[in-house]
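Just below is one structure, and these are the notes that go with it.
The values are calculated or read from the model by the stated rules, or taken from the named source; none is laboratory data. Predicted, not measured: the structure shown is a model, and the values here were computed from it. Please note: Cβ atoms are built from the backbone with ideal geometry, for glycine as well, and neighbour counts cover all protein chains shown. Side chains are part of the model used for accessible areas, which takes the heavy atoms of the whole protein and leaves out ligands, DNA and RNA. Shrake-Rupley method; radii C 1.70, N 1.55, O 1.52, S 1.80 Å.
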Amino acid sequence: MESQAEELRCLVESVASPLVDVPDALEVTSELNGRDLLIAIRVDADDAGKIIGRQGRVIKSIRTLARAAASRKDLSVDVELID
């Protein structure tokens with residue numbers, strides 16, 4: 001189960017990393033609680049808008065991608081951007 005959570009964390013990180021200008025400030029963490037997985041994305045304050053996107057489209061797409069991958073592993077996932 002931990003390896004599946006790590007795979008999903010790496011997926012979100014690989015999608016988010018090309019979007020930011022300060023890749024050293026990018027931190028993607030995961031917390032597994034039973035079958036629920038929380039993936040937190042932390043970025044530089046100037047890059048938060050790039051992760052959110054216009055009208056939240058980018059973060060919504062990242063969540064959709066993560067949920068689709070998690071459904072194959074029988075997990076429930078939520079992706080949050082932490083300020």
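Build a GNM of the chain with springs between Cα atoms under 10 Å apart, and of 45, 16, 68 the one that fluctuates most is 45.
Take the Cα of residue 10, step 7 Å toward its Cβ, do the same at residue 52, and the gap between the two points is 3.1 nm.
Here percent of Cα pairs over 14 Å apart was computed from the coordinates, and among [x] 66; [y] 62; [z] 57 the match is [z].
Taking the longest Cα principal axis of the chain as reference, the axis of helix 57-72 is set at about 20 degrees.
The value of relative contact order for the chain, using C-alpha pairs under 8 Å at least six residues apart, is 31 percent.
By a 1.4 Å probe calculation restricted to protein chains, residue 57 has an accessible surface near 140 Å², given to the nearest 10. Using a probe of 1.4 angstrom, how much of the accessible area of the chain is carbon and sulfur, in percent? The C+S portion of the solvent-accessible surface of the chain is 47 percent.
Accessible surface area normalised per residue over the chain is 62 Å², counting heavy atoms of protein chains with a 1.4 Å rolling probe.
When the charge dipole of the chain is built from unit charges on Cβ atoms (+1 for Lys and Arg, -1 for Asp and Glu) and taken about the Cα centre, the candidate among 51, 37, 68 whose Cα reaches farthest toward its positive end is 68. Put 73, 50, 60 in order of accessible area, highest first, and with a 1.4 Å probe you get 60, 50, 73. The angle between the Cα long axis of helix 2-16 and the main principal axis of the chain comes to about 20°, on a 0 to 90 degree scale.
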